[in-house]
1. Take the conditions open to solvent by less than 30 Å² (accessible area, probe 1.4 Å), farther than 14 Å from Phe29 by Cα and of a type in the set (Val, Ile, Thr) and apply them to Ile69. Does it pass?
2. For Ser56, which of the numbered conditions (1) modelled with pLDDT under 95; (2) closer than 17 Å to Thr33 by Cβ; (3) of a type in the set (Gly, Ala, Ser) fails to hold?
Amino acid sequence: QVQLVESGGGLVQPGGSLRLSCAASGIIFSTYTLDWYRQVPGKQRDLVASITSGGSTSYADSVKGRFTISRDNTKNTVYLRMDSLKFEDTAVYYCKPRLAPGFHWGQGIQVTVSS
């Protein structure tokens, strides 16, 4: 069963940067497409960024040019570098190995953009 440990969130001022990390176990990490989602209370969980096993990336329009997803298969870890953060980036962020068996949404990690 896949297990995920997310870290790197916190409070940051507008225009600032954060890097989220998500370490996975229980899966053959390198074979999975990895997704970062975010959710604001009362709203649906939205896909923010994805990276395939081959390293191809895609982004939601709202974060394109500001966020960068990357992966290190030697560490079974996916990252989300977030630059030029805006108030509207405030959310709980989740990582997800796409179609991983036994996946359950965890608590995620809070990112708060505030002055």
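The values are calculated or read from the model by the stated rules, or taken from the named source; none is laboratory data. Computed from a prediction, not measured in an experiment: that's the story for all the values here. So basically every Cβ, Gly included, is an ideal-geometry build from the backbone, and we count neighbours across all protein chains shown. Heavy atoms of the whole protein, side chains included, go into the accessibility calculation; ligands, DNA and RNA do not. Shrake-Rupley method; radii C 1.70, N 1.55, O 1.52, S 1.80 Å.
1. yes
2. Among (1) modelled with pLDDT under 95; (2) closer than 17 Å to Thr33 by Cβ; (3) of a type in the set (Gly, Ala, Ser), the lone unmet condition for Ser56 is (1).
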